[in-house]
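The values are calculated or read from the model by the stated rules, or taken from the named source; none is laboratory data. All figures in this text were calculated on a predicted structure; none of them were measured in a lab. All Cβ positions, even for glycine, are placed from backbone atoms using ideal geometry, and neighbour counts span all protein chains on display.
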Amino acid sequence: MQPLIDNARTFGQRPEEFAKLAEGQSPEVLFITCSDSRVVPALITGARPGQLFELRTAGNIVPPYASEHPTSEAATIEYAAEVLGVRDIVVCGHSHCGAVGALVRGDDLDAVPAVRDWLASATPRPRGAAGDPTVAEGVQSHVLAQLLRLRSYPCIAQKLAQGQLALHAWYYEVHTGAVLAHSPQTDTFKAL
């Protein structure tokens, strides 16, 4: 913890670098990814403050849209699309994902009921080899399912129909740093 504290103490000693950020934000991309500490969107993309609007959830799950029971995730997605006017949304899964691995393997999660119930909202269950530690196939199918779920959000469906938004499925390999993007033409993930 101490190295983090030390950095935080010196971080604010460069106010001239941050003054413009007080004027507001206008990110072009909503980046939806896992809460996993090994996935750092700004590091992966090289984004500077103000360039990415981030939504991080366990397993990069996009919950079903239900206006009568709003979620923080739905509010973030709606805000990004309607207020910030993002032009692109990236759903980025990653190798060695504990959440997707648990789904693929069918792990017993009764000891962590909140995790169990959250992951239950990730249906359909991702396909993949239970013995693969990278869970690559499972994560990639899961990312595509979350992209499909995004399309069911009214604000996203409207922006897509108007040609004002593009959706992207990415897969990040934590063990290599490689980023793959889904190609709808070939239905495969290929290097960016």
ask   = Within segment 149-187, restricting attention to residues that are among the small types (Gly, Ala, Ser) and in contact with a strand residue (DSSP E or B) (Cβ under 6 Å, 6 or more places away or on another chain), which residue is nearest to Phe31 (Cα to Cα)?
value = Ala169
request  = Determine if segment 150-166 includes at least one residue that is under 18 Å from the mean Cα position of the chain (by Cα), aliphatic (A, V, I, L, M) and closer than 12 Å to Ile61 by Cα.
outcome  = yes
message = Just the residues that are surrounded by 10 or more Cβ atoms within 10 Å (Cβ to Cβ) and among the aliphatic types (A, V, I, L, M), please, taken from segment 1-40.
response = Leu21, Val29, Leu30, Ile32, Val39, Val40
ask   = Would a scan of segment 143-163 turn up a residue that is among the hydrophobic types (A, V, I, L, M, F, W, C), crowded, with 17+ Cβ neighbours inside 10 Å, modelled with pLDDT of 95 or more and assigned to a loop (DSSP other than H, G, I, E, B)?
value = no
ask   = Does Gln140 qualify as being in contact with a Phe, Trp or Tyr (Cβ under 6 Å, 6 or more places away or on another chain), polar (S, T, N, Q) and either surrounded by 13 or more Cβ atoms within 10 Å (Cβ to Cβ) or in a helix (DSSP H, G or I) (or both)?
value = yes
task = Give me a count of the residues in segment 103-134 that are part of a loop (DSSP other than H, G, I, E, B) and either under 30 Å from Leu160 (Cα atoms) or among the acidic types (Asp, Glu) (or both).
result = 12
remark   = Filter segment 137-166 for residues that are touching an Asp or Glu at 6+ places or on another chain (Cβ under 8 Å) and small (Gly, Ala, Ser); the one that is farthest from Pro124 (Cα to Cα) is Ala166
Residue that is surrounded by the fewest Cβ atoms within 10 Å (Cβ to Cβ) [pool: residues in segment 41-50 that are in contact (Cβ under 8 Å) with a residue 24 or more places away in the chain and touching a helix residue (DSSP H, G or I) at 6+ places or on another chain (Cβ under 8 Å)] = Pro49
